[in-house]
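See structure below.
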Amino acid sequence: MLAITETWAKSAEDGDDLLKRACPPGYLFVHSARCTGRGGGVAIVNRDTFRSFDSEAVKAAGDCTSFELTGMMLCVNSVSIDLLVIYRPPLNCIN
């Protein structure tokens, strides 16, 4: 399993293409691209043998403006883990 910040994906489609080319066979990914500015973007890469589902925490967070977020619920044997990757860009002003 690999958590990545700063994917530099410019869009969801760009991230899909970049990560498909970077992942070895037998691995899957989820990601969120930064919609504005340079850099950014977060991703998780994991073996396709793990069962994975959408993260309830990511759904509950909704649209985040001060940080970037992606996640998945991983199920390995009888253990479930809600794995999140959170990145707060530098110089982000929060009022």
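Structure above, values below:
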item	result
Total residues in region 27-38, condition closer than 17 Å to F53 by Cα and of a type outside the set (F, W, Y)	4
Region 57-84: number of residues that are of a type in the set (V, I, T) and part of a strand (DSSP E or B)	4
Near pairs, Cβ below 7 angstrom, 6+ apart or cross-chain, from region 56-73 (closer than 16 Å to A43 by Cβ and in contact (Cβ under 8 Å) with a residue 24 or more places away in the chain) to any residue that is among the aromatic types (F, W, Y) and surrounded by 16 or more Cβ atoms within 10 Å (Cβ to Cβ)	F67/Y87; E68/Y87
Selected residue (criterion: modelled with the lowest pLDDT) from residues of region 10-56 that are touching a strand residue (DSSP E or B) at 6+ places or on another chain (Cβ under 9 Å), part of a helix (DSSP H, G or I) and surrounded by fewer than 14 Cβ atoms within 10 Å (Cβ to Cβ)	A12
Selection count where residues are aliphatic (A, V, I, L, M), touching a strand residue (DSSP E or B) at 6+ places or on another chain (Cβ under 8 Å) and at pLDDT 85 or above, scope region 57-95	9
S66, sole failed condition from (1) buried (at least 19 other Cβ atoms within 10 Å of the Cβ); (2) farther than 16 Å from A12 by Cβ	(1)
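The values are calculated or read from the model by the stated rules, or taken from the named source; none is laboratory data. None of the values given here were measured: they were computed from a predicted structure. All Cβ positions, even for glycine, are placed from backbone atoms using ideal geometry, and neighbour counts span all protein chains on display.
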